[in-house]
Each structure stands twice: as C-alpha cells, then as structure tokens.
Amino acid sequence: MRAGLALGIALALTACSSLGQPQVIEYDMEVRSVEIPAGTPANAPLDVVVEVTVGGCTSFKRFEAQRTASMLRLRAIGNQVFEPGTVCPAYLGWTKHTYTDPGTPTRTGPFEVVVNGKSWGTVVVR
C-alpha cells in the first residue's frame, strides 16, 4: 500500500517536472522479513538482516536508525526513479540488506527491534 501511494505521488510529480529531468522519490520500503539473533552481549555489534522489495524503478537506498538502550528503530528507505520516456518493468523481487548496530549505548534487555514501524522481536541481552 505504501509503495502504491509513493508511486502515485511520484507520477504526479513527474507530470509536473521539467522535461528531461529524472524525479527521485524516497519512501519507506515494504519489508518481508527481519532476522535478528536470539541473544547478544550488551555492547557487541548486532546484525539485523532486513528483506525488502525491489525491482522496476525501485531500489534500496539506506537505513536510518534511532537507538536507545532498550530499542533499535530502523527505517528501510528506498528510491523510485522516474525518467521521462522510460517505462519501469513490472518485475518485483526481494533482496536482503544488513544493518549493524554498534552496541552503543550499552543494550539493556529485552532489546526490541522495530523496522518501518513494526516490532520484529526482541533480543536477549547477556
């Protein structure tokens, strides 16, 4: 649903753009799965693997992170690029990207991982 809204906004902006100028729209990507370890030391690096949809004119751009001692909030942000005269293929697939939390500030347990507004679980802090 978010991708559809972003596509609608992008098409509207493309219609208003100068001819020949590509339009780049950033949006929260659709998340299929998130992999987190069952446990981790309080201050060790922690890998979070996020699987997002890609394809057509859509690609992964970056993660934005907000962190407290008890929670990691990630945003998986994608790009949709629209160039005048270019048709985006309908193919959509999935790709995994890893965010490594550095372990600072020191984690307290349970440590919750939230991606694009949804809680994907907690990690036991040892």
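Count of region 77-115 residues, restricted to those that are hydrophobic (A, V, I, L, M, F, W, C) and in contact with an Asp or Glu (Cβ under 7 Å, 6 or more places away or on another chain), is 2. Counting the residues of region 19-71 that are open to solvent by 50 Å² or more (accessible area, probe 1.4 Å), of a type in the set (S, T, N, Q) and touching a residue at least 40 places away in the same chain (Cβ under 8 Å) gives 3.
The numbered conditions (1) without any contact (Cβ under 8 Å) to a residue 40 or more places away in the chain; (2) β-branched (Val, Ile, Thr); (3) touching a Cys at 6+ places or on another chain (Cβ under 8 Å) are all true for residue 87 except (3).
The values are calculated or read from the model by the stated rules, or taken from the named source; none is laboratory data. Keep in mind it's a predicted model, so treat the numbers as computed, not measured. Reconstructed Cβ throughout: ideal geometry from the backbone, glycine too, with neighbour counts over all protein chains shown. Note: accessible area is taken over every heavy atom of the protein model, side chains too, but ligands, DNA and RNA are not part of it. Shrake-Rupley method; radii C 1.70, N 1.55, O 1.52, S 1.80 Å.
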